[in-house]
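Visitor: Before I ask anything, here is the structure I am working with.
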Amino acid sequence: MPIKVGDTIPNVTLKCVTSEGAKDVSTEEFFAGKKVVMFALPGAFTPTCSAKHLPGFVEKAGEIKSKGVDTIACLSVNDFFVMEAWGKAHDALDKIALLADGNGELTRALGLGFDASQFGMGTRSQRCAVIVEDGVVKKLDVEAPSKFEVSSAEAVLRAL
């Protein structure tokens, strides 16, 4: 069952990209006491993710944070090194917390994985946007397959 509004984000440990390198962070710690907009996507350096999804949040980060959001986070089933390189390539490191879910633990725990093995990508995250307050899901918008409509930075701004 996918996570739903009112549920608490499951506690797993992820790798967060920082200026000092990889930092282990528990989701319990990451979401505690904060309003967080998290968007998840199938993969760094993939077409829609690189052309629209991440760049939209980088561009709109200031507007989103002006709505009372403490942190904007991007979750992907990629390793830390890929997330770091992708963040640098998009000038995102000082605007977006990049969360590497290398083994897909959080993606599975959220019930948002999908099988992308037909594309040689294994299990990946569905494209979505989640508004989380103090660890509790307040809004969840999951895209239909091959769509990019409800999880964009603009859609999140409308929801805030």
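Visitor: Do the sum for the chain: with -39,500 (n - 2.57) for every DSSP H run of n ≥ 4, divided by all residues, what is the mean residue ellipticity at 222 nm, to the nearest 500 deg cm²/dmol?
Guide: -6500 deg cm²/dmol
Visitor: Could you work out how much longer the chain between Ser50 and Glu28 gets when fully extended? Use 0.36 nm per residue separation minus the Cα distance between them, nm to one decimal.
Guide: Numbers: separation 22, 0.36 × 22 = 7.92 nm, distance 2.80 nm.
Stretched fully, the Ser50-Glu28 segment lengthens by 5.1 nm.
Visitor: Mind scanning Lys34/Lys67; Lys67/Lys88; Lys23/Lys147; Lys35/Lys60 and naming the pairs with a C-alpha gap bigger than 24 Å?
Guide: Pairs exceeding 24 Å: Lys67/Lys88; Lys23/Lys147.
Visitor: Calculate how many DSSP beta bridges within the chain are antiparallel, expressed in % of all such bridges and rounded to the nearest 5.
Guide: 70 percent
Visitor: What is the distance, in nm, between label points placed 7 Å from the Cα along the Cα-to-Cβ direction at Met121 and at Asp70?
Guide: 3.1 nm
Visitor: Further question: With Cβ to Cβ distances under 15 Å as the rule, what net charge do the other residues near Pro55 carry (K, R +1; D, E -1)?
Guide: So the environment of Pro55 carries a net charge of 0.
Every number here is computed from the coordinates shown, using simple stated rules; none is lab data. Source: prediction; values computed, not measured. When we count neighbours, we look across all protein chains shown, and the Cβ atoms used for this are built from the backbone with ideal geometry, even at glycine.
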